[in-house]
Amino acid sequence: MRELTLKCMDGSTETFARDAIDEFAASLRGELLTPDADRYDEARSIWNAMVDRKPGMIVECAGAVDVIRAVNFARENQLLVSVRGIGHNIAGNSVCDGGIMIDLSKMKSVRIDADNKRARVEPGVTLGDLDNETQAFGLATPIGINSTTGVAGLTLGGGFGWLSRKHGLTIDNLVSADVVTAAGELVKASKSENSDLFWGIRGGGGNFGIVTSFEFELHPVGPEVLAGLIVHPIAAARDVLRYYRDFCAQAPDELTVWVVLRKAPPLPFLPEEVHGTEVVVLAAMYAGDDMAEGEKALAPLREHGNPIADVIGPHTFVDFQSAFDPLLTPGFRNYWKSHDFAELSDEALDTTIQFVDTLPSPHCEIFIAQMGGATNRIPKDATAYHHRDAEFIMNVHGRWENEADDDRCTAWCRELFEVMTPYSTGGVYVNFMTQEEEKRVKVAYGDSYDRLVALKNKYDPTNFFRLNQNIQPSV
């Protein structure tokens, strides 16, 4: 390839001689991939198979200096930029068409300071990578529930999982971060240094720079926890979901219970005749030190109704963190719609149940995450993540295999989203937003939005970092 044509931020293109590209590549410790490289298609592929974009260049960064050099090269040439951590984001913003993809997935260092209960984490680390390192010391920080998710994207949007009701969101446990700004400067963001930037990256996504290192607070957890599933037939959904809602109102912070409504996968503990039928799954984990207290807290939920299966028991935290991985493997087509709820009314629950009858794919599901606890005790203006009033978050998870089913499956997701809107707070978790939802960005940040615009004006006035749930500068 003698020349390389790259897309600019204004939509035009710029052609570079091969010598210029080789000179840039030689400045990197990592690798630069162009479309003729053997690994190009592999490197541009991400979790959501609906996203099929072709960057003009992929910079596989080996460290912060590579990130700085990639940012400087792109800025000096006014090139379109996307930033990839792991590529698990539903919107697929980590891959651009024609521009430069700054790929952080090779930056996978995790360093644990067990004495001070801190972890230093690079942006190519997955949740599984982090859990593996922290659990060697009986420590953990609140992150998500799928081990192949990237720590970076999860954190920048807020982050929640099994430990959040006890210890807060992922961002509530972020101590500091190293950030490469649009100006190509590496700065530290913490409560004492660049505190405005630190406020913004805790929920504001990738709008203000590229984080090359995260420092997290850790907490004693595991290595064994009380966790597992209770599975009910869909015929019992009306009763089970009402009981679940009331049970959650009294649950201690150590206990988190989520709901999944879907067709039963062929799990070994389910009778064969249940496979492929609609079920209500209650997924629970107790994050306290005393397993006996966890048994006591979960007893009413386990004793209610006549479940098909109850496999709650001692599990290693690492194993439970990856329990849902088989349902979230890459290569499928995915489309999400999401709402925050302050409460789950009878009408909201009944409406949700109706849509289980029309699941358009055996891989589609509706999940309801229990929030509250420590996640709601942080003042709403303490971080860019604004919706501290959410007691539940619903994700309408459309997932299917074939492109021919795109219209049918996305229509199901959108219809359920629309009918649930009157019951919601109007808020939304930014990490669950698809690319088409730019009109919801302002709603996602609520009263924080104007402050975020001012921060964007300061750190990224040209909107260099624009392939995200974008906060547009006003300058």
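Values quoted throughout were computed directly from the atomic coordinates according to the rules given, and no laboratory measurement underlies them. Since the structure is predicted, the reported quantities are computational estimates derived from the model, not experimental observations. All Cβ positions, even for glycine, are placed from backbone atoms using ideal geometry, and neighbour counts span all protein chains on display.
Structure summary
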| item | result |
| --- | --- |
| Interchain or long-range residues, amide H under 5 Å from Ala309's placed H | Val231 |
| Residues with amide H under 5 Å from that of Leu79, placed H, sequence gap 5 or more | Met9 |
| Net charge contributed by nearby residues that have their C-beta within less than 15 Å of Pro362 (K/R +1, D/E -1) | 0 |
| Compactness of the range 3-103 - radius of gyration and Dmax, Cα, Å | 12.6, 36 |
| Footprinting exposure proxy for Trp162, Trp47 (fewest neighbouring C-beta atoms within 10 Å first) | Trp47, Trp162 |
| For the range 214-310: relative contact order, % (alpha-carbon pairs under 8 angstrom, 6 or more apart) | 44 |
| Extension gain from Asp239 to Asp357, taking 0.36 nm per residue of separation minus the Cα-Cα distance | 40.8 nm |
| Percent RCO, i.e. relative contact order, over the chain, from Cα pairs under 8 Å lying at least 6 residues apart | 16 |
| Using a Förster distance of 22 Å, the FRET efficiency for Asp346-Arg302 (Cβ separation, nearest 0.05) | 0.40 |
| Mean-position separation - Cα centroids, the range 56-86 and the range 273-314, in angstrom | 46 |
| Principal axis dimensions, the chain - Cα atoms, whole angstrom, descending | 70, 53, 40 |
| Helix 237-250 vs. the chain, principal-axis angle (Cα, 0 to 90°, nearest 10) | 80 |
| Burial order of peptide ranges 190-197, 275-282 (average beta-carbon count within 10 Å, highest first) | 275-282, 190-197 |
| Helix-derived mean residue ellipticity, 222 nm - over the chain, DSSP H n ≥ 4, -39500 (n - 2.57), to 500 | -7500 deg cm²/dmol |
| Length-normalised contact order for the range 224-432 - Cα pairs under 8 Å, 6+ apart - percent | 27 |
| Bridge type composition, the chain - antiparallel percent by DSSP, nearest 5 | 90 |
| Label point 7 Å beyond Cα of Leu267 along Cβ direction - residues of the range 322-363 with amide nitrogen under 18 Å | 322-329, 362-363 |
| Per-bin percent of Cα-Cα distances, the range 121-202 [10 Å] | 18, 49, 28, 6 |
| Whole-angstrom gap from the range 338-356 to the range 231-251, using each part's C-alpha centre | 12 |
| Estimated inter-spin distance, Arg2 and Ser27, nm [label 7 Å along Cα→Cβ] | 2.5 |
| Stretch gain in nm, segment Glu401-Lys188, where the contour uses 0.36 nm per residue and the Cα spacing is subtracted | 72.4 nm |
| Estimated inter-spin distance, Ala20 and Thr277, nm [label 7 Å along Cα→Cβ] | 6.5 |
| Loop-resident sites, the range 388-475, for chymotrypsin sites (Phe, Trp or Tyr not before Pro), counting at most 14 other Cβ within 10 Å (DSSP) | none |
| When each of Lys7/Lys106; Lys191/Lys456; Lys117/Lys191; Lys108/Lys456; Lys108/Lys188 is checked by Cα-Cα distance, pairs over 22 Å | Lys7/Lys106; Lys108/Lys456 |
| Calculated from backbone phi, Karplus (6.51, -1.76, 1.60) coupling profile of the range 258-265 in Hz, x at Gly/Pro | 10, 10, 10, 10, 6, 7, 5, x |
| Estimated FRET transfer efficiency when R0 is 56 angstrom, pair Ser474-Ala292 (beta carbons, to 0.05) | 0.50 |
| Folded to 0 to 90 degrees: helix 449-459 orientation relative to the chain principal axis, Cα | 30 |
| Cβ-based exposure ranking for Val356, Val211, in which fewest neighbours within 10 Å come first | Val356, Val211 |
| Proxy reagent accessibility, fewest Cβ within 10 Å first, across Asp389, Asp290, Asp38 | Asp38, Asp290, Asp389 |
| Rounded tilt (10° steps) of 64-76 against the dominant C-alpha axis of the chain | 60 |
| Neighbour-limited loop hits for trypsin sites (Lys or Arg not before Pro), the range 347-392 (at most 12 other Cβ within 10 Å; DSSP other than H, G, I, E, B) | Arg377 |
| Amide proton proximity set for Arg84, modelled H, under 5 Å, gap of 5+ | Ile102, Asp103, Leu104 |
